[in-house]
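Enquirer: Before I ask anything, let me first share the structure, which is written out below as structure tokens.
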Amino acid sequence: MAIWTMVPDKIEEEETQVAKKFGVFGATLITFFLAEMGDKTQIATVAMAAYYAAPLMVVIGSTLGMLIADVHAVFVGDKLASKMPMKPVSSIAAAILALLGIATLLGAGSKLGF
């Protein structure tokens, strides 16, 4: 992950067109949906919708919960991304990931039961 973090992202033409057509929120909504299809949140939502008698309310609740958790991060991230140099941010993130990986290999957390 540390090495992958150092590889710069390439915004493809299709992603740029989606952002122009739907705006930041719409592009994030579409991308988030496609990237997270089948993750544990969606599996939990399907299980709860099957269990409870009001599946529409479960889906609405799950969607609102994800929006509450993520929308502010998207807008703040959009504002900060244009003001922060990505190279140092990527380097710091890569260094943290490398340190965490080395710590894991050396057994960090094993005494805590992880």
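The values are calculated or read from the model by the stated rules, or taken from the named source; none is laboratory data. The model shown is predicted, which means the values in this text are computed figures rather than measured ones. Positions of Cβ are backbone-derived with ideal geometry, glycine not excepted, and every protein chain shown enters the neighbour counts. Accessible surface is based on the protein model in full, side chains and every heavy atom, while ligands, DNA and RNA are left aside. Shrake-Rupley method; radii C 1.70, N 1.55, O 1.52, S 1.80 Å.
Enquirer: Got a number for carbon plus sulfur as a percent of the range 1-100's accessible area, 1.4 Å probe?
Expert: Carbon and sulfur atoms account for 74 percent of the accessible area of the range 1-100.
Enquirer: Now, a different point. Which of the helices in the chain, when you take each full DSSP H run, stretch at least 30 Å along the axis at their Cα atoms and have an average Kyte-Doolittle score of 1.0 or higher?
Expert: Within the chain the helices that satisfy the rule are 55-81.
Enquirer: Okay, next question. Based on the mean of other beta carbon atoms within 10 Å per residue, what is the order of 57-68, 77-88, most packed first?
Expert: Those peptides, ordered most packed to least, come out 57-68, 77-88.
Enquirer: Turning to a different aspect of this structure: Working out 0.36 nm times the residue gap between Thr104 and Ile60, then minus their Cα-Cα distance, what length gain in nm do you get to one decimal?
Expert: 12.0 nm
Enquirer: Provide Rg and Dmax in Å for the chain, with only Cα atoms included in the calculation.
Expert: 18.6, 51
Enquirer: Could you work out the helix-only [θ] at 222 nm for the chain, with each DSSP H run of four or more residues adding -39,500 (n - 2.57) and the total divided by the number of residues, to the nearest 500 deg cm²/dmol?
Expert: -26000 deg cm²/dmol
Enquirer: On to the next question. Can you pull out the chymotrypsin sites (Phe, Trp or Tyr not before Pro) in the range 17-78 that DSSP calls coil and that have at most 13 other Cβ atoms within 10 Å?
Expert: Tyr52
Enquirer: Working out 0.36 nm times the residue gap between Ala2 and Val74, then minus their Cα-Cα distance, what length gain in nm do you get to one decimal?
Expert: Computed gain between Ala2 and Val74 is 23.6 nm.
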